[in-house]
There are 2 protein chains.
Amino acid sequence: MDIKQLDEKNELKQRIFFALSDPGRYKIISMLYHVGHEMGCNELNQHVEIDKSTMSYHLKTLRKIGITNTRTQGRQKFVSLNQATIEKVLPGLLEQL
Amino acid sequence: MDIKQLDEKNELKQRIFFALSDPGRYKIISMLYHVGHEMGCNELNQHVEIDKSTMSYHLKTLRKIGITNTRTQGRQKFVSLNQATIEKVLPGLLEQL
DNA sequence: CTAATTGTTTGATATTCATAAAACTATAAT
DNA sequence: ATTATAGTTTTATGAATATCAAACAATTAG
């Protein structure tokens, strides 16, 4: 693996660490991991107590980092954890949350 | 373990994630872990290319979080990783850096 | 005593970040 | 058609961050 790929890997790690450094995002990620399946944003909101626009903002961040997937069904959006992406660069991390 | 202790544990985790979310701090932590022994700030500076005052700022952050120890000898300060603290809440993480 | 070395602190600056209210879009229900 | 639901975007605001130059210790060397 060349230096460029190493840097990219470290950048992804750092973005994941950034994601986990905020209490709200930590709870979102932890919740998604522990329930083990996708959740509607509203459902998430019932468990993680933050304003819905703040929630949307954080979810957008997670999406941009690339550690969540979103599926739209009707007027609902279901968010799920892109577990493989995380495991690939930081195996074993999710179990620690 | 009660909720308060859990919260404290998660707070420490989140602070560790914050520490690792910055490229400079990531390199410092990674370097300290991989060399496996304490390093002088100046020595660190030769490996991690950041301004010495920025370095000092980041090292202060790590100290406040509680994941490094500092020992003064003459005019040098030796920094080492408080590995046990990290391992306690996030076992296996350091090997991934 | 005067330099140089090692590191911290202060101050200024630019940037990013988190938060929430308000307006907005899209879908579903009545 | 209206209204309710689900979520996003915009806008504004305050707080936190990162960076670096310059001044400031404290120790050591010449």
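Along the Cα-to-C-beta direction of A:H47, a point sits 7 Å from the Cα; which residues of the stretch B:6-40 have their amide N less than 19 Å from that point? From the stretch B:6-40, the list is B:6-7, B:10-11, B:14.
Across the stretch A:61-70, computed HN-Hα scalar couplings (Karplus, 6.51 cos²θ - 1.76 cosθ + 1.60, θ = phi - 60°) run 4, 4, 5, 5, 5, x, 9, 10, 10, 10 Hz from first to last residue, x flagging Gly and Pro.
Given an 8 Å cut-off on Cα distances and at least 6 residues of separation, report the relative contact order of the stretch B:3-96 as a percent.
Numbers: 84 pairs, mean separation 27.9, N = 94.
Contact order relative to length: 30 percent.
Are there any GluC sites (Glu not before Pro) in the stretch A:5-97 that are in a DSSP loop and have at most 14 other Cβ atoms within 10 Å? List them by number.
Working: sites: A:E8, A:E11, A:E38, A:E43, A:E49, A:E87, A:E95; in loops: A:E38, A:E49.
Passing both the DSSP loop test and the Cβ count: A:E49.
Each copy carries a label point for B:L94 at 7 Å from Cα along the beta-carbon vector; from one copy to the others these points are 2.6 nm apart, nearest first. Take B:T70, push a point 7 Å out from Cα through the beta-carbon direction, and compare it with the same point in every other copy: 4.3 nm, smallest first.
Calculate, for chain B, the solvent-accessible area per residue in square angstrom, rolling a 1.4 angstrom probe over the heavy atoms of the protein chains. Don't skip to the end; give the middle numbers.
Working: 5720 Å² over 97 residues.
Result: 59 Å² of accessible area for each residue.
Net charge of the neighbourhood of A:N42, taken over other residues with C-beta under 15 Å away and scored Lys/Arg +1, Asp/Glu -1, is 0.
Interface of A with B. Using a 1.4 Å probe and counting protein heavy atoms only, the two chains hide about 1300 Å² of accessible surface, both sides summed.
Within the listed set B:G36, B:G74, B:G66, the Gaussian network model of chain B (springs between alpha-carbon atoms below 10 Å) gives the highest mean-square fluctuation for B:G74. With K and R counted +1 and D and E -1, the other residues having a Cβ less than 13 Å from that of B:Q76 yield a net charge of +1.
Grouping the Cα pair distances of the protein assembly as shown into 5 Å bins from zero gives a pair-distance distribution of 1, 7, 15, 19, 17, 14, 11, 7, 5, 2, 1, 0, 0, 0 percent in increasing distance order.
Do any trypsin sites (Lys or Arg not before Pro) in chain B lie in a loop, going by DSSP, with at most 16 other beta-carbon atoms within 10 Å of their beta carbon, and if so which? Spell out each step's value before the answer.
Numbers: sites: B:K4, B:K9, B:K13, B:R15, B:R25, B:K27, B:K52, B:K60, B:R63, B:K64, B:R71, B:R75, B:K77, B:K88; in loops: B:R75.
Sites meeting the loop and neighbour criteria: B:R75.
Within the stretch A:3-96, the proportion of C-alpha pairs whose separation exceeds 21 Å stands at 28%.
The values are calculated or read from the model by the stated rules, or taken from the named source; none is laboratory data. Model, not experiment: these values are computed from the prediction. For neighbour counting, all protein chains shown are included, and Cβ atoms are generated from backbone atoms with ideal geometry for every residue, glycine included. We work out accessible area using only protein heavy atoms, side chains counted, and drop any ligands, DNA or RNA first. Shrake-Rupley method; radii C 1.70, N 1.55, O 1.52, S 1.80 Å.
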